[in-house]
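Peer 1: Handing you a structure now.
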Protein chains: 2
Amino acid sequence: MVEMRKPILVSEAVRLVMEHSYLGGTDTIPLEHTYGRILAEPIIAKHDVPSFDRSPYDGFAVRAKDTEGAFGDNRIPFTVIGEIGAGHVATSGIGPREAYRIMTGAPIPDNANAVVMLEQTTEGKDRFTLRKPFSEGENISFKGEDAKEGELLVKSGAFIHPGTIALLATSGYATVKVAKRPVVGILSTGTELLNVSDELVPGKIRNSNGPMIAAQLTRMGLGYKSYGMQEDDLDACTEVVRKALIETDVLITTGGVSVGDYDHLPAIYERLGAKVLFNKVAMRPGSVTTVAVLGKKLLFGLSGNPSACFTGFELFARPAILGMQGANTPYMPRMQAILGEDFGKPNPFTRFIRAFWEMTSEGIVAVPAGFNKSNAVSSIARGNCLIALPSGTRGYTAGTHVDILLLGSEQGVSEWVL
Amino acid sequence: MVEMRKPILVSEAVRLVMEHSYLGGTDTIPLEHTYGRILAEPIIAKHDVPSFDRSPYDGFAVRAKDTEGAFGDNRIPFTVIGEIGAGHVATSGIGPREAYRIMTGAPIPDNANAVVMLEQTTEGKDRFTLRKPFSEGENISFKGEDAKEGELLVKSGAFIHPGTIALLATSGYATVKVAKRPVVGILSTGTELLNVSDELVPGKIRNSNGPMIAAQLTRMGLGYKSYGMQEDDLDACTEVVRKALIETDVLITTGGVSVGDYDHLPAIYERLGAKVLFNKVAMRPGSVTTVAVLGKKLLFGLSGNPSACFTGFELFARPAILGMQGANTPYMPRMQAILGEDFGKPNPFTRFIRAFWEMTSEGIVAVPAGFNKSNAVSSIARGNCLIALPSGTRGYTAGTHVDILLLGSEQGVSEWVL
């Protein structure tokens, strides 16, 4: 008899996966290697930013009170007593109607409290005149205006992007504490699989899931251990999975999770004593997506169908791998779009359609990226998002507002809402 | 006298940069290293996908005409004459009321033209009964339904993402022709600069632009050559730039492009005979952004102010580097958002504000990411987009619809429209 599996909601599946994504350790690494890592410490301003009052322009540092009354032909003259380049400090303060020539980024000299931009003066060699007054603090970048010493600037758990790195550099973080990345293994199962370099033979297809998942991990900045391909042989597969689980924190397999006679993953989970969190999700494609846990290790049993495999990775494996790093925004960004064409299939389950979004004069429009079946490959190549269609509907017409999830977006969001 | 520079529009600056982004060569590399590269050949289906009619389910392959008349109690019995696992081929065709047990992905045997799902049967050991008719072609994945042999699947110039890799694998591209990546150098100039590991001293700041640009390049999948930091010394800087231009295709410098006495980049361009494409852009921050060209090499003179530097890279250097690889979508994706708070500053020039967008119950809302000046660092760390406010306005109120450009998005768009 066919095993009857009870499908769970996508949101429940996500919840279960995240609940079993155990936090790994931390690494302290040089700043220049931190792009794409997850912060395992908050960024705290170690000093005021800027750390001194400075000039945001090339110009002259003056005392505002000396500029009072300057107007049109009633120009006020100033004597230039020196020059302050960026990186230098004035040797003295300034007196009445004195000024320092000052460069962008240079510290404001003592007594000065305004900066006159170069183009606001009529300049001679050692003197200039002004025809408008300046107020106290005008054109000054104040100490601490960007950040105050001790201020929490970025929380632990944040994704480290170029802007984060600029802030870490400014704050003197030559090394940074980041989350360890889990070691992820990939195993493709199926007697039908050929290597990419193999010629096609009847009944066989090339393994596309293995390279695809490798790239999905690469996109996340992770390396991977490849366990290659295995035919549908229970004993042989069990041994590979057993070995892989010694060497990895997460094992992603493709194929073998359905209820067919050659679907051995369920038996393998049983043999190894792994606890199956779910083996059916109320979604298309990828309803057979299975996730099991053994100790603190996660086993993702993704469908052998490429579109289903792709979707299963993005919906479950990706946030879990981020969760294991303590990431506070592990989910794909969501936004609303206008459905660009009719989608006639009914949706007994939530449907995730590989799609392409773009901004148009009508707003954000998302169009299914072509041939739509769980075994489709071409549509994964053409998509930049997933349209999420709720279950319980009879199809959608063009113009409907739908949710889309952005693929390949560096930063994510903190909540799963579908 | 202060040199008067004529600002050009952002769109014109983008056009000029792209016009001078010369296409480099190509590399042929193993499929597993192609993530993030730009395709230098189209992906053509080398065979139909699927390459044979196959079963999308576990079930029984039958002749549709044998199922005619099946209804409720009028069950029709079938004899199972064999089994076809994925990767195997049936040893014979089927005759009247015969069936093969067939697994997902297995080829349809001769004469069969429908698949009965396992759960649609009442199954015995070697036989089963049906209580509904099946039509010809029902539950069959047809040869070529995903792609036809010879079909153009993805154009040359596309960004290679995991879905592209799945398609390349399916089509047997064990090696792929991709665009060579330009060699990019980074040089930070400014006497005020300290290394990240240095203690602060009066008048000095740590170099944040160098590490930031390195990360902006890493985000694009590129390596970089670092030329470290240089004080504002014309001769020394000239020599470093001269050397860097021998070793790189693109040189990104920070600082030294304004009109101050220590801004040496303009003189360096002149000494080297580089043609300045523009040295002032009608934008904030980063109006001093300068781009020059020497032969086929591009020199980006970015502002020393971190926010301006960041923005200059994303607006100009990023698309140019993609353009040099023949990328057909080199620009940041744009979308509309609701401005989440008042932005009071007038905009004599187009303004790009580091901001944070998120989906809310009101739609997509973008909020400036804090302290907003060209020398700000903290806001770059907090942002996930740039709000683009057109010039010629007196500030904006919350609720206005504004354009935003998405940062850190893997795939871009083909046109610059701001």
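Peer 1: Where the centroid of each part is defined by its Cα atoms, how far is segment B:113-181 from segment A:330-409 in Å?
Peer 2: 20
Peer 1: Search the structure for amide H atoms under 5 Å from the amide H of A:Asp342, placed 1.01 Å from N in the peptide plane, and list their residues when 5 or more places away or on another chain.
Peer 2: Correct list: A:Ala398.
Peer 1: P(r) for segment B:1-82, please, calculated from all Cα pair distances in 5 Å bins and given in %.
Peer 2: The distribution over segment B:1-82 is 3, 7, 9, 9, 9, 8, 7, 6, 6, 6, 7, 5, 4, 5, 4, 2, 1, 1, 1, 0, 0, given as percents.
Peer 1: To continue, here is another question. Would you mind computing Rg(Cα) / (2.2 N^0.38 Å) for segment A:48-114, counting N as its residues?
Peer 2: Numbers: Rg = 12.1 Å, N = 67, 2.2 N^0.38 = 10.9 Å.
Taking the Cα Rg and dividing by 2.2 N^0.38 Å, one obtains 1.12.
Peer 1: Go through A:Lys46/A:Lys155; A:Lys143/A:Lys177; B:Lys65/B:Lys143; A:Lys46/B:Lys373; A:Lys46/B:Lys204 and tell me which ones have a Cα-Cα distance over 25 Å in this structure. Write out the running numbers ahead of the final one.
Peer 2: Details: A:Lys46/A:Lys155 15 Å; A:Lys143/A:Lys177 27 Å; B:Lys65/B:Lys143 21 Å; A:Lys46/B:Lys373 21 Å; A:Lys46/B:Lys204 15 Å.
Cα-Cα > 25 Å for A:Lys143/A:Lys177; rest within.
Peer 1: If ligands, DNA and RNA are left out, what is the accessible area of B:Phe52 with a 1.4 Å probe, given in Å² to the nearest 10?
Peer 2: That residue has around 20 Å² of solvent-accessible surface.
Peer 1: What total accessible area, in Å², is buried where chains B and A meet, using a 1.4 Å probe and rounding to the nearest 100? Display every interim value, and only then the final one.
Peer 2: Working: alone 19860 and 19860 Å², together 32320 Å².
The B and A chains share an interface burying roughly 7400 Å².
Peer 1: Run through the DSSP bridge list for segment A:59-130 and note the antiparallel percent, rounded to the nearest 5. Walk me through the numbers on the way to the answer.
Peer 2: On the way: 14 of 19 bridges.
Just about 75 percent of them are antiparallel.
Peer 1: Return one number: the angle in degrees, 0 to 90 and rounded to the nearest 10, between the long axis of the Cα atoms of helix B:10-19 and the longest principal axis of the Cα atoms of chain B.
Peer 2: Its long axis makes an angle of about 70 degrees.
Peer 1: What's the carbon and sulfur percent of the protein assembly as shown's accessible surface, probe 1.4 angstrom, rounded to a whole number? Write down the numbers at each step before the final one.
Peer 2: On the way: 16400 of 32320 Å².
Roughly 51 percent, rounded to a whole number.
Peer 1: To continue, here is another question. Only bridges with both residues in chain B count here: give the DSSP antiparallel percent, nearest 5.
Peer 2: Values: 57 of 83 bridges.
Bridges in chain B that DSSP calls antiparallel: roughly 70 percent.
Peer 1: So with the 1.4 Å probe, I'd like the accessible area per residue for chain A, rounded to whole Å². Don't skip to the end; give the middle numbers.
Peer 2: Working: 16160 Å² over 418 residues.
That works out to 39 Å² for each residue.
Peer 1: Further, regarding this structure: Which whole-number percentage describes the relative contact order of segment B:59-130, with Cα contacts under 8 Å and a sequence gap of 6 or more?
Peer 2: Numbers: 151 pairs, mean separation 31.5, N = 72.
It comes to 44 percent, rounded to a whole number.
Peer 1: If you don't mind, there's one more thing I want to ask. Please report which chain B residue places its beta carbon nearest the axis carrying chain B onto chain A, with the distance rounded to a whole angstrom.
Peer 2: Residue of B nearest the axis onto A, distance in Å: B:Ser409, 3.
Peer 1: Cα to Cα, under 22 Å, and not fewer than 8 places away if on the same chain: which lysines meet these conditions relative to A:Lys296?
Peer 2: Result set, ordered by chain and number: A:Lys180, A:Lys225, A:Lys243, A:Lys275, A:Lys280.
Peer 1: Long-range amide H contacts for A:Gly82: which residues qualify at under 5 Å (H placed 1.01 Å from N, peptide plane, sequence gap of 5 or more or a different chain)?
Peer 2: Hits under the 5 Å cutoff: A:Arg101.
Peer 1: If the viscosity is 1.567 mPa s and the temperature 4 °C, what translational diffusion coefficient in µm²/s does Stokes-Einstein give for segment B:261-327 when Rh comes from Kirkwood over Cα pairs? Working shown, then result.
Peer 2: On the way: Rh = 12.4 Å.
So the translational diffusion coefficient is about 105 µm²/s.
Peer 1: Can you tell me the convex hull volume per residue for segment B:96-210, based on C-alpha atoms, in Å³ to the nearest whole number? Don't skip to the end; give the middle numbers.
Peer 2: Working: hull volume 31.1 nm³, N = 115.
Per residue, the Cα convex hull of segment B:96-210 comes to 271 Å³.
Peer 1: Could you give the radius of gyration (one decimal) and Dmax (whole number) of the Cα atoms in the protein assembly as shown, in Å?
Peer 2: According to the Cα coordinates of the protein assembly as shown, Rg and Dmax are 31.1, 110 Å.
Peer 1: Can you tell me the relative contact order of chain A? Whole percent, Cα pairs under 8 Å, sequence separation 6 or more. Provide the component values of the computation, followed by the final result.
Peer 2: Numbers: 992 pairs, mean separation 69.5, N = 418.
17 percent.
Peer 1: Based solely on its DSSP helices, what 222 nm [θ] is calculated for chain B when runs of n ≥ 4 H residues each add -39,500 (n - 2.57) and the sum is averaged over all residues, nearest 500 deg cm²/dmol? Intermediate results must be reported in sequence, preceding the final value.
Peer 2: Working: 8 runs with 70 residues, N = 418.
The helix contribution divided over chain B gives -4500 deg cm²/dmol.
Peer 1: In Å and whole numbers, how far do the C-alpha atoms of segment B:1-47 stretch along each principal axis, longest first?
Peer 2: If we take the Cα atoms of segment B:1-47, the spans are 66, 19, 17 Å.
Peer 1: Follow-up question, since we're still on this one. Among DSSP beta bridges lying fully in the protein assembly as shown, give the percent that are antiparallel, nearest 5. List each step's numbers first, then the result.
Peer 2: Values: 115 of 167 bridges.
Close to 70 percent.
Peer 1: Based on C-alpha coordinates, I'd like the Rg and Dmax of segment B:281-418, in Å.
Peer 2: When restricted to Cα atoms, segment B:281-418 yields Rg and Dmax of 15.0, 52 Å.
Peer 1: For segment B:329-394, report the translational diffusion coefficient in µm²/s to the nearest whole number, using Stokes-Einstein at 4 °C, 1.567 mPa s, and a Kirkwood Rh over Cα pairs.
Peer 2: On the way: Rh = 12.6 Å.
For the chosen part, D equals 103 µm²/s.
Peer 1: If you don't mind, another one. Among the GluC sites (Glu not before Pro) within segment B:300-364, which fall in a DSSP loop and have no more than 12 other Cβ atoms within 10 Å of their own Cβ?
Peer 2: Here the GluC sites (Glu not before Pro) that fit, given the DSSP loop and packing criteria, are B:Glu362.
Peer 1: Can you pull the three principal axis extents for the Cα set of chain B, in Å, largest first?
Peer 2: Its Cα atoms span 99, 49, 41 Å along the three principal axes.
Peer 1: Turning to a different aspect of this structure: For a quick check: with amide H placed at 1.01 Å from N, whose amide H comes under 5 Å from A:Gln230's, ignoring anything fewer than 5 positions away on the same chain?
Peer 2: A:Ser188, A:Thr189, A:Gly190
Peer 1: In a GNM of chain A with a 10 Å cut-off on Cα contacts, which of A:Ala267, A:Ala244, A:Ala99 has the highest mean-square fluctuation?
Peer 2: The residue that fluctuates most here is A:Ala99.
Peer 1: How long are the three semi-axes of the equivalent ellipsoid of segment A:171-280, in whole Å, if each is the root of 5 times an eigenvalue of the C-alpha gyration tensor, listed from largest down? Spell out each step's value before the answer.
Peer 2: Working: eigenvalues 175, 76, 24 Å².
Whole-Å semi-axes of the equivalent ellipsoid: 30, 19, 11.
Peer 1: Taking N as the number of residues in segment B:295-339, what is its Cα Rg relative to 2.2 N^0.38 Å? Intermediate results must be reported in sequence, preceding the final value.
Peer 2: Numbers: Rg = 12.9 Å, N = 45, 2.2 N^0.38 = 9.3 Å.
Relative to the 2.2 N^0.38 Å estimate, segment B:295-339 comes out at 1.38.
Peer 1: Taking only Cα atoms and a 10 Å spring cutoff, compute GNM fluctuations for chain A and point out the largest among A:Thr34, A:Thr329, A:Thr218.
Peer 2: Maximum among the listed residues: A:Thr218.
Peer 1: Now a separate question. Pick from B:Ser379, B:Ser361, B:Ser208 the residue whose mean-square fluctuation is largest in a GNM of chain B, springs joining Cα atoms under 10 Å.
Peer 2: B:Ser361
Peer 1: Filter the GluC sites (Glu not before Pro) in segment A:31-131 down to the DSSP loop ones having no more than 16 other Cβ atoms within 10 Å, then list what survives. Show your work: numbers first, answer last.
Peer 2: On the way: sites: A:Glu32, A:Glu68, A:Glu83, A:Glu98, A:Glu119, A:Glu123; in loops: A:Glu68.
Of the GluC sites (Glu not before Pro), the ones in loops of segment A:31-131 whose Cβ has at most 16 other Cβ atoms within 10 Å are A:Glu68.
Peer 1: For chain B, with only Lys/Arg (+1) and Asp/Glu (-1) charged at the beta-carbon, what is the dipole magnitude about the Cα centre, in debye rounded to 20? Provide the component values of the computation, followed by the final result.
Peer 2: Numbers: 41 positive and 45 negative charges, 139 e Å.
It works out to roughly 660 debye.
Peer 1: Write out the GluC sites (Glu not before Pro) in segment A:193-249 meeting two conditions: DSSP loop, and at most 11 other Cβ atoms within 10 Å of their Cβ.
Peer 2: Numbers: sites: A:Glu199, A:Glu231, A:Glu239, A:Glu247; in loops: A:Glu199, A:Glu231.
Of the GluC sites (Glu not before Pro), the ones in loops of segment A:193-249 whose Cβ has at most 11 other Cβ atoms within 10 Å are A:Glu199.
Peer 1: Sort out the exposed loop trypsin sites (Lys or Arg not before Pro) in chain A (DSSP loop, at most 11 other Cβ within 10 Å) and tell me the longest stretch that has none.
Peer 2: Details: sites that count: A:Lys125, A:Lys155, A:Arg394.
For trypsin sites (Lys or Arg not before Pro) (loop position, at most 11 other Cβ atoms within 10 Å), the longest site-free span of chain A is A:156-393.
The values are calculated or read from the model by the stated rules, or taken from the named source; none is laboratory data. Everything numeric here is computed off the predicted structure, so don't read it as measured data. Note that we place each Cβ from the backbone using ideal geometry, even for glycine, and neighbour counts take in every protein chain shown. Each accessible area value is taken on the protein alone, full model and side chains, heavy atoms only, with ligands, DNA and RNA left out. Shrake-Rupley method; radii C 1.70, N 1.55, O 1.52, S 1.80 Å.
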